[in-house]
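Only one structure is covered here, and it is reproduced in the block below.
The values are calculated or read from the model by the stated rules, or taken from the named source; none is laboratory data. Keep in mind it's a predicted model, so treat the numbers as computed, not measured. Positions of Cβ are backbone-derived with ideal geometry, glycine not excepted, and every protein chain shown enters the neighbour counts.
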Amino acid sequence: MRFVTVVCGMALALVSASASFSGASAQTPQSITTPDTVETRIGTLKFKDGVPSPETTTAIYDNLDFTYAFRAFTDTFQGVSVEAIRRGLVSVGIKDNEIVLFSKLMDADSIFLTANADTVY
């Protein structure tokens with residue numbers, strides 16, 4: 001019985017609260033509305049009453065697909081680079097778990113992706 005009283009009290013409070021705002025302006029502030037068009041780097045996005053057009057939806061999903069594909073590439077680039085270096089070393093006779101030490105600093109003739117010219121490898 002106490003639960004029903006609490007629920008009825010909350011419902012009455014909500015009804016009273018909404019009734020107290022009945023004199024508020026019906027106009028929506030411009031700062032929180034969605035414009036009909038938005039210029040972006042992927043083109044003009046069009047909206048009707050805040051809902052994107054089918055073309056806008058397609059453009060947004062295409063952009064998301066591109067973004068995810070680019071992210072997949074950049075997230076795996078380092079691993080692919082290390083594997084390419086490992087394969088290159090194996091191709092000249094260096095076995096896995098062996099250490100390679102260069103006797104000189106890198107120069108323009110060294111073909112490495114991220115080698116520094118002032119670091120001994």
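Can F112 be described as modelled with pLDDT under 75 and either of a type in the set (D, E, K, R) or loosely packed, with under 11 Cβ neighbours inside 10 Å (or both)? Before the answer, list the steps.
Values: modelled with pLDDT under 75: yes; either of a type in the set (D, E, K, R) or loosely packed, with under 11 Cβ neighbours inside 10 Å (or both): no.
No: the conditions fail for F112.
Condition check for V38 on (1) exposed (fewer than 10 other Cβ atoms within 10 Å of the Cβ); (2) within 22 Å of the chain's Cα centre (by Cα): one failure, at (1). Within region 68-83, the set of residues being among the small types (G, A, S) and free of Cβ contacts under 8 Å to residues at least 12 places away in the same chain comprises A69, A72, G79.
The set of residues in region 39-56 that are part of a strand (DSSP E or B) and of a type in the set (V, I, T) comprises T40, T44, V51.
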